[in-house]
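K.L.:
Mind looking over this structure? Questions follow.
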Amino acid sequence: MTAPRTEFSWLRYYRAGARIGFQRDIQYRTMTFVFLLAFLIEPIIYLAVWQNVAVSQGGSVGGYSAAALAAYYITWTLVRVFNLAFDPYAWEWRIQRGRLNDFLSMPIHPFHRDFSFFIGGKVVWTALWLPVAAVLTLIFRPEFNLSLFNVLAFGVAIWGGFAVRFILLYLMGLANFWTTRASAVFGVVIAGELLLSGRLVPLSLMPEWVDSLATWLPFKWTFQFPIEVLIGRLDSAAVWSGLGAQLLWAGGMGIALWWGWKKAIVKYAAVGG
Amino acid sequence: MANPIEVEGLTKTFKVPVRDTGMKESVRSLFRRDFKEVRAVEDITFQLTPGEIVGFLGPNGAGKTTTIKMLTGLLHPSTGDARVLGYQPWQRDRDLLRRISLVMGQRNNLAWDLPALDSFALNQAIYGIPDEDFRFRQAKYIETLDLGELVTKPVRNLSLGERMKMEIVGALLHGPEVLFLDEPTIGLDVTMQRRLRNFVLEYNRETGATVLLTSHYMADVVALARRVIVIDRGAILFDGPLTSLADRFSAHKKLTIEAADLPEDVSRWGRVLERTPFRVVLEVARESVSTVAAQMLSEATVTDLSIEEPPLEDVIDRVFTRASDDRAKN
């Protein structure tokens with residue numbers, strides 16, 4: 001028999017993968033909405049605490065007014081939605097249940113499969129986020145310093161943050177190829193991310209050395225950077241250098257992932273059927 | 001044309017951590033871990049010719065799935081070599097992966113929450129199937145397997161048999177030249193097993209695809225394969241025509257005779273398996289079958305006589321029993 005004809009294109013593949021991600025998440029829109037509401041608990045606590053601190057300190061803390069903090073944490077919720085990625089704990093499940101075998105038998109890297117599915121899911125999550133953001137805006141009265149440049153740059157930065165975090169978590173997931181019990185390590189990294197990304201609190205409220213350290217790690221570029229771009233706390237030079245940092249992190253970790261995958265796949269034991 | 005599957009001295013060894021039970025051993029394992037090497041596949045060599053369907057048989061843990069995983073690029077071998085369509089499978093060349101398919105029973109490659117049609121569309125993009133081919137094959141397979149009303153239901157709402165049919169359709173849409181079927185009918189009822197077998201057979205006849213099949217259901221093997229490879233503890237015990245398997249491993253055949261005047265004592269002809277007044281089933285030594293049959297015909301008014309090979313399950317069981325006995329002797 002002759003080899004089957006193929007008309008593969010990456011664009012076509014990503015469109016199909018994103019469509020599946022979209023359909024899957026819209027199928028469970030109520031569950032997605034409940035997840036979204038659960039996400040809100042975290043930033044609302046942070047916001048309430050820091051707004052009180054700002055008021056008690058005469059109206060601002062770490063250069064943030066109460067209204068600026070509201071803008072920070074409302075944007076936080078959208079960035080959090082975009083930051084959702086295939087987490088390393090799921091790798092453990094995927095390998096133990098043999099699901100990875102199914103993906104590996106196909107001529108597409110599981111990374112592209114997952115990445116495209118998550119891209120599709122973002123559309124659903126963002127649509128569900130809009131009414132939530134409207135309610136939060138009415139309650140907390142945020143103050144944005146919007147410009148066309150900020151909005152456009154935010155559009156790039158939020159996807160850049162997603163790409164960096166997705167690749168980072170994927171890279172961590174590779175540990176599962178060496179051991180099927182790698183969860184403990186992930187806990188440490190996730191804790192580091194909480195402190196050094198601007199997720200817990202804007203980094204300008206942390207000691208200066210923490211802020212400096214965060215500049216040299218990937219976490220800040222996935223979280224605080226896109227938020228600050230939108231709320232207008234960065235000048236254009238800082239925006240461009242931040243986008244450059246995202247590109248460097250995504251590219252560097254992408255190369256590490258490519259190399260790590262080649263090593264990991266040799267170690268793969270294909271357990272679970 | 002080169003053989004689509006060539007396997008040469010393939011070996012796979014797993015390093016498995018071991019420790020005794022008890023507190024003391026648990027603590028000791030924190031500081032020193034012991035490993036033992038388990039040979040899942042040991043120096044196997046075989047080839048499949050174009051269009052051939054081969055049954056790959058063996059008990060649980062024999063090394064069948066490990067071999068298939070190496071041939072589909074999921075596992076790297078410890079030593080040895082293999083080529084599938086000319087490629088070393090564990091290099092995971094995209095061109096090879098586009099031309100083969102792996103179906104594992106009771107596994108789900110389709111998006112669980114969506115209708116199978118959506119997964120088929122995804123497969124079209126993954127494999128780059130041209131629109132015309134995709135539409136033609138999808139319509140044809142859906143019709144052949146009578147899936148018309150099911151393809152729009154979410155996969156999670158389908159029965160196991162319906163899901164397996166969808167899995168097979170999804171696995172064949174890109175027109176694979178080599179098909180690896182690992183227990184494709186496991187857990188299915190007899191009717192569903194038969195439909196899937198017929199579908200695979202039809203695909204093989206129409207496309208000339210080569211098929212390597214593992215199954216614990218001998219009906220699958222008998223219906224599909226003319227040749228079988230029997231593997232146990234990682235080593236090949238038999239590779240040849242299915243018909244020769246019984247010749248080599250079973251010393252007996254089954255004779256069934258129906259006659260109005262059956263002699264009282266028929267045990268001189270062989271071991272009596274069943275006896276009614278007018279019918280007897282005997283197990284007869286293979287080399288004595290013709291002699292016994294002639295004697296029966298001369299001594300009784302025979303109305304029906306049949307000579308059968310023993311069931312394949314029994315033959316396979318004998319193969320493994322003999323291998324186990326040989327190991328015990330050594």
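K.L.:
Of the conditions (1) modelled with pLDDT under 95; (2) surrounded by fewer than 15 Cβ atoms within 10 Å (Cβ to Cβ), A:G155 clears all except one; give me its number.
P.N.:
Every listed condition holds for A:G155 apart from (1).
K.L.:
Could you please let me know if A:G173 is farther than 20 Å from A:T77 by Cα, of a type outside the set (A, V, I, L, M) and crowded, with 22+ Cβ neighbours inside 10 Å?
P.N.:
yes
K.L.:
I would also like to ask the following. Give the residue, chosen from B:V222, B:V289, that is surrounded by fewer than 20 Cβ atoms within 10 Å (Cβ to Cβ), among the hydrophobic types (A, V, I, L, M, F, W, C) and in contact with a helix residue (DSSP H, G or I) (Cβ under 8 Å, 6 or more places away or on another chain). Can you show your working first?
P.N.:
On the way: B:V289 fails: in contact with a helix residue (DSSP H, G or I) (Cβ under 8 Å, 6 or more places away or on another chain).
The match here is B:V222.
K.L.:
While we're looking at this one, here's another question. Among the listed residues B:R19, B:R92, which satisfies the condition of being buried (at least 16 other Cβ atoms within 10 Å of the Cβ) and either in contact with a helix residue (DSSP H, G or I) (Cβ under 6 Å, 6 or more places away or on another chain) or within 23 Å of A:A264 (Cα to Cα) (or both)?
P.N.:
B:R92
K.L.:
In addition: Are there any pairs with C-beta distances below 7 angstrom linking a residue in segment A:220-249 that is at negative phi and buried (at least 23 other Cβ atoms within 10 Å of the Cβ) to a residue that is of a type in the set (S, T, Y) and part of a loop (DSSP other than H, G, I, E, B), with the two at least 6 apart or on different chains, and if so which?
P.N.:
Hits for this filter: A:K220/A:S197; A:T222/A:S197; A:F223/A:S197; A:Q224/A:S197.
K.L.:
Also, I was wondering about something else. Going by the conditions given, is A:F33 touching a residue at least 12 places away in the same chain (Cβ under 8 Å), among the aromatic types (F, W, Y) and under 15 Å from A:V132 (Cβ atoms)? Show your work before the answer.
P.N.:
Working: touching a residue at least 12 places away in the same chain (Cβ under 8 Å): yes; among the aromatic types (F, W, Y): yes; under 15 Å from A:V132 (Cβ atoms): yes.
Criteria met by A:F33.
K.L.:
Do the conditions hold for B:I142, that is, is it surrounded by fewer than 23 Cβ atoms within 10 Å (Cβ to Cβ) and under 24 Å from B:N60 (Cβ atoms)?
P.N.:
no
K.L.:
Report yes if some residue within segment B:270-282 is in contact with a Lys or Arg (Cβ under 9 Å, 6 or more places away or on another chain) and either under 20 Å from B:G58 (Cβ atoms) or touching a residue at least 60 places away in the same chain (Cβ under 8 Å) (or both); otherwise report no.
P.N.:
Checking segment B:270-282: not a single residue is in contact with a Lys or Arg (Cβ under 9 Å, 6 or more places away or on another chain) and either under 20 Å from B:G58 (Cβ atoms) or touching a residue at least 60 places away in the same chain (Cβ under 8 Å) (or both).
K.L.:
Related question: Return yes when A:F39 is at the interface with chain B (Cβ under 8 Å from one of its Cβ atoms), farther than 21 Å from B:W112 by Cβ, in contact with a helix residue (DSSP H, G or I) (Cβ under 8 Å, 6 or more places away or on another chain) and not charged (D, E, K, R) and no when it is not.
P.N.:
So A:F39 fails the test.
K.L.:
Residue under question is B:V38, and the condition is that it be farther than 22 Å from B:V228 by Cβ and either within 12 Å of chain A (Cβ to nearest Cβ) or crowded, with 19+ Cβ neighbours inside 10 Å (or both); does it hold?
P.N.:
In short, yes.
K.L.:
(1) facing another protein chain (nearest Cβ under 8 Å); (2) assigned to a loop (DSSP other than H, G, I, E, B); (3) out of contact with any strand residue (DSSP E or B) (no Cβ under 8 Å at 6 or more places or on another chain): which one isn't true of B:G148, the others all being true?
P.N.:
(1)
K.L.:
For segment B:223-287, give me every one of the strands (runs of 3 or more DSSP E) that falls completely inside it and has 3 or more residues that are within 26 Å of B:R197 (Cα to Cα), under 16 Å from the mean Cα position of the chain (by Cα) and of a type outside the set (A, V, I, L, M).
P.N.:
Ranges flagged: B:235-241.
K.L.:
Separate question: Quick one: how many residues across segment B:13-53 are more than 30 Å from B:G86 (Cα to Cα), in a strand (DSSP E or B) and out of contact with any Pro (no Cβ under 8 Å at 6 or more places or on another chain)?
P.N.:
To start, the set of residues in segment B:13-53 that are more than 30 Å from B:G86 (Cα to Cα) comprises B:16-37.
Filter again for in a strand (DSSP E or B), leaving B:16-18, B:34-37.
Next, only the ones that are out of contact with any Pro (no Cβ under 8 Å at 6 or more places or on another chain) stay: B:16-18, B:36-37.
Within segment B:13-53, residues that are more than 30 Å from B:G86 (Cα to Cα), in a strand (DSSP E or B) and out of contact with any Pro (no Cβ under 8 Å at 6 or more places or on another chain) number 5.
K.L.:
Shifting gears a bit: What are the residues in segment B:60-114 that are in a loop (DSSP other than H, G, I, E, B), touching a Phe, Trp or Tyr at 6+ places or on another chain (Cβ under 8 Å) and of a type in the set (A, V, I, L, M, F, W, C), if any?
P.N.:
The answer is B:L74, B:L75.
K.L.:
How many residues, within segment B:184-214, are modelled with pLDDT under 90, within 14 Å of chain A (Cβ to nearest Cβ) and either surrounded by 17 or more Cβ atoms within 10 Å (Cβ to Cβ) or under 26 Å from B:A125 (Cα atoms) (or both)?
P.N.:
Number satisfying all stated conditions: 2.
K.L.:
Here is a further query. Out of A:A71, A:A90, A:A18, report the one residue that is away from chain B (no Cβ under 14 Å) and under 30 Å from B:Q124 (Cβ atoms). Give the steps one after another, and end with the answer.
P.N.:
On the way: A:A71 fails: under 30 Å from B:Q124 (Cβ atoms); A:A18 fails: away from chain B (no Cβ under 14 Å).
The conditions single out A:A90.
K.L.:
Okay, next question. Would you confirm whether any residue within segment B:60-77 is farther than 19 Å from B:L97 by Cα and aliphatic (A, V, I, L, M)?
P.N.:
So far as segment B:60-77 goes, yes, one or more of its residues are farther than 19 Å from B:L97 by Cα and aliphatic (A, V, I, L, M).
K.L.:
Mind listing whichever residues of segment B:107-119 are in contact with a Leu (Cβ under 7 Å, 6 or more places away or on another chain) and more than 8 Å from chain A (Cβ to nearest Cβ)?
P.N.:
B:A116
K.L.:
Please go through segment B:93-106 and give me each residue that is more than 7 Å from chain A (Cβ to nearest Cβ) and either of a type in the set (G, A, S) or within 19 Å of A:H109 (Cα to Cα) (or both), ordered by number.
P.N.:
The first filter runs over segment B:93-106 and keeps only residues more than 7 Å from chain A (Cβ to nearest Cβ), leaving B:93, B:95-96, B:100-101, B:103, B:105-106.
Correct list: B:D93, B:D95, B:L96, B:I100, B:S101, B:V103, B:G105.
K.L.:
OK, next. B:V315: within 28 Å of B:V222 (Cβ to Cβ), hydrophobic (A, V, I, L, M, F, W, C) and part of a helix (DSSP H, G or I), yes or no? Before the answer, list the steps.
P.N.:
Working: within 28 Å of B:V222 (Cβ to Cβ): yes; hydrophobic (A, V, I, L, M, F, W, C): yes; part of a helix (DSSP H, G or I): yes.
Spelling it out, B:V315 is indeed within 28 Å of B:V222 (Cβ to Cβ), hydrophobic (A, V, I, L, M, F, W, C) and part of a helix (DSSP H, G or I).
K.L.:
Quick check: anything in segment A:121-142 among the β-branched types (V, I, T) and surrounded by 21 or more Cβ atoms within 10 Å (Cβ to Cβ)?
P.N.:
Yes, that holds for at least one residue.
K.L.:
Just to be sure before I move on: is A:A66 more than 14 Å from every other protein chain (Cβ to nearest Cβ), hydrophobic (A, V, I, L, M, F, W, C) and within 21 Å of A:A134 (Cα to Cα) in the structure I sent?
P.N.:
Against the criterion (more than 14 Å from every other protein chain (Cβ to nearest Cβ), hydrophobic (A, V, I, L, M, F, W, C) and within 21 Å of A:A134 (Cα to Cα)), A:A66 qualifies.
The values are calculated or read from the model by the stated rules, or taken from the named source; none is laboratory data. Given the structure is predicted, the values throughout are model-derived calculations rather than measurements. Cβ: placed from backbone, ideal geometry, glycine included. Neighbour counts: every protein chain shown.
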